[in-house]
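These notes concern the structure reproduced below.
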Amino acid sequence: MAEQPIRLLIVDDIQSTRDNLRKLLSFEDDIEVVGTAGDGKEGVEEAQRLHPDIVLTDVNMPLMDGIQLTEQLTQDLPGSPVIIMSVQGERDYLRRAMQAGAREFLIKPFSHDELVAAIRRVYAMEVKKGTFLTRTAEAPPAAATSGRFGLGEVFVVFSAKGGVGKSIIAANLAVALARETDARVALVDLDLQFGDIGVMLNLNHSRSITDVVDAQDHLDAEILDDILAVGPAGVRVLLAPVKPELADLVTPDHVRTVFAEVRKVCDFVVVDASSHLGEAILQVMEIASKILVVTGLTIPSVKNARLTLGVLESLNIDPERVLLVVNRVDGYSDFNKEATEQYLRVPVAVQIPHDPKAVSDAWNQGKPFVETQPEAEISRAIRELVFRLVPQEQPAVVGGDRKRRRGIFGR
Ligand SMILES: Nc1ncnc2c1ncn2[C@@H]1O[C@H](COP(=O)(O)OP(=O)(O)O)[C@@H](O)[C@H]1O
Ligand SMILES: [Mg+2]
């Protein structure tokens, strides 16, 4: 039984029906009728004002019927799921109601027990799905409610300086994520002018993010499936345009569309960014659960990391969502870990060693180093990063016999 009562809004054009329902439900401790409305339009207004846990609505009503009300609430107030009531003979409504997003369909006359059971069932279902997370006092930020509950979690690899290892880290991270978890992983190359994920992973694939631009109005999972390349460990890769001059064709709106679609079909999306803080990457950062700020231990690199952290702070990005990753760690740098933390006032999440041999061997083979040298320190560091991003996954030996899902479309 719910600790807080289930807050219900009743929408019906017949006053006596509303009164009867209210009376029926008054015996239930776990259900509270917080409001009533006499037509669909008023129902929407009341739902927007009251944010009920469940809306119980009739189908046939003046001004706006129950189906339209359901459509609107499904779109605008997904936290207020709808139960539709209809009389016998209106069975065609069942299909339309479900298409509109109704969670249950009650045929009148229904018993008190049927009604209460339906309300509790819908509520329990939504609790399970996490719909009501935002209701609790310690509601996590919007980004944190993504991931396992529905849309894929986004991890952005960023640095305001080029050449610090963003692409290398993004590519290896995506592959390690796919290997260590049984998740569906996508890698999106958002370095639109000079993206090099395709070369790094030796992907012979003619399609790229510019194909998303062409398909903008009818992009769906199937079209996306053709556009994405298949990389190591089944990671699906959205490549950058083949020529730098095509980058301008990709607008922030296109990028939004890409993420809306990719997140529907995968659990994790790793983003390799350019060093430019433009609108496109900023909107991706907004939806990201973690932003990995990469820095080297050189003076210019750490200086730029400080500027980057300052920008993220001014964007009101929760510091909890920012992970500082130090790359190319060796004994000869301008800074060490402690000095970096002191200067940046942010803890270092993971240190990735400088390993020119592992990196160039991998480049030469067109494979990520987590595959060519899984036991090297540099690969262990990437797996540590996986563990930081997806804490419930214990780092495991690469190549273990755990069952994995192949591809992101479950084929
Ligand atoms: N940990 C490392 N050890 C050795 N070389 C590295 C390491 N990280 C990056 N590099 C080198 O630095 C170069 C730049 O890395 P890249 O990932 O392309 O940076 P970015 O995407 O930030 O511009 C790569 O060609 C690679 O050879
Ligand atoms: Mg790069």
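In this structure, Ile352 does not qualify as within 12 Å of ligand 1 (Cβ to nearest atom) and in contact with a Pro (Cβ under 6 Å, 6 or more places away or on another chain).
Table: residues versus (1) assigned to a loop (DSSP other than H, G, I, E, B); (2) open to solvent by 80 Å² or more (accessible area, probe 1.4 Å); (3) modelled with pLDDT of 75 or more.
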site	(1), (2), (3)
Gly89	yes, no, no
Arg96	no, yes, yes
Phe105	no, no, yes
Thr134	no, yes, no
Ala143	no, no, no
Arg148	no, yes, no
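Looking across Glu313, Glu286, one residue alone is open to solvent by 30 Å² or more (accessible area, probe 1.4 Å) and either in contact with a strand residue (DSSP E or B) (Cβ under 7 Å, 6 or more places away or on another chain) or within 15 Å of Val346 (Cα to Cα) (or both). It is Glu313. Among residues of the range 261-282 being away from ligand 2 (no atom under 16 Å from the Cβ) and β-branched (Val, Ile, Thr), the one that is farthest from Thr295 (Cα to Cα) is Val265. Checked against (1) closer than 17 Å to Gly162 by Cα; (2) part of a helix (DSSP H, G or I); (3) charged (D, E, K, R), Asp272 passes all but a single condition, namely (2). With respect to (1) buried (at least 22 other Cβ atoms within 10 Å of the Cβ); (2) farther than 26 Å from Gly231 by Cα, the lone exception for Lys337 is condition (1). Looking across the range 9-32, the residues that are in a loop (DSSP other than H, G, I, E, B) and over 18 Å from Leu106 (Cα atoms) come down to Ser26, Phe27, Glu28, Asp29, Asp30.
Residues being in a helix (DSSP H, G or I), in contact with a Pro (Cβ under 8 Å, 6 or more places away or on another chain) and either outside the structural domain of Asn327 (by TED's automatic domain parsing) or within 16 Å of ligand 1 (Cβ to nearest atom) (or both) are represented in the range 239-253 by at least one member.
Val199 meets the conditions (1) farther than 29 Å from Val370 by Cα; (2) open to solvent by 10 Å² or more (accessible area, probe 1.4 Å) in every case but one. The failed one is (1).
Whether any residue in the range 381-397 is within 11 Å of ligand 1 (Cβ to nearest atom), at pLDDT 95 or above and either more than 18 Å from Ala233 (Cα to Cα) or acidic (Asp, Glu) (or both) is what I want to check. Checked the range 381-397: at least one residue is within 11 Å of ligand 1 (Cβ to nearest atom), at pLDDT 95 or above and either more than 18 Å from Ala233 (Cα to Cα) or acidic (Asp, Glu) (or both). (1) more than 7 Å from ligand 1 (Cβ to nearest atom); (2) closer than 19 Å to Val255 by Cα: which one isn't true of Asp196, the others all being true? Only one criterion is unmet by Asp196, namely (1). Every listed requirement among (1) away from ligand 2 (no atom under 16 Å from the Cβ); (2) closer than 28 Å to Asp226 by Cα; (3) out of contact with any Ser or Thr (no Cβ under 7 Å at 6 or more places or on another chain) is met by Leu312 save one, (2).
Residues that are modelled with pLDDT under 95 and more than 16 Å from ligand 2 (Cβ to nearest atom) occur at least once in the range 197-204.
Is it the case, given these coordinates, that Arg328 is touching a His at 6+ places or on another chain (Cβ under 7 Å) and open to solvent by 60 Å² or more (accessible area, probe 1.4 Å)? Against the criterion (touching a His at 6+ places or on another chain (Cβ under 7 Å) and open to solvent by 60 Å² or more (accessible area, probe 1.4 Å)), Arg328 qualifies. Does Ala358 satisfy the condition of being among the small types (Gly, Ala, Ser), away from ligand 2 (no atom under 16 Å from the Cβ), under 26 Å from Asp248 (Cβ atoms) and open to solvent by less than 40 Å² (accessible area, probe 1.4 Å)? Taking the combined requirement at face value, the residue does not satisfy it. Of the set (1) within 16 Å of ligand 2 (Cβ to nearest atom); (2) exposed (fewer than 14 other Cβ atoms within 10 Å of the Cβ), all apply to Pro319 but (1). Looking only at residues of the range 155-183 that are under 14 Å from Pro232 (Cβ atoms) and of a type outside the set (A, V, I, L, M, F, W, C), we find that the one that is nearest to ligand 2 (Cβ to nearest atom) is Asn172. Against the list (1) more than 16 Å from ligand 2 (Cβ to nearest atom); (2) in contact with a Leu (Cβ under 7 Å, 6 or more places away or on another chain); (3) assigned to a helix (DSSP H, G or I), the condition Leu224 fails is (2).
The values are calculated or read from the model by the stated rules, or taken from the named source; none is laboratory data. No experiment lies behind these values; they were computed from the predicted model shown. Cβ: placed from backbone, ideal geometry, glycine included. Neighbour counts: every protein chain shown. Just so you know, the surface numbers come from the protein's heavy atoms only, side chains and all, with ligands and any DNA or RNA stripped out. Shrake-Rupley method; radii C 1.70, N 1.55, O 1.52, S 1.80 Å.
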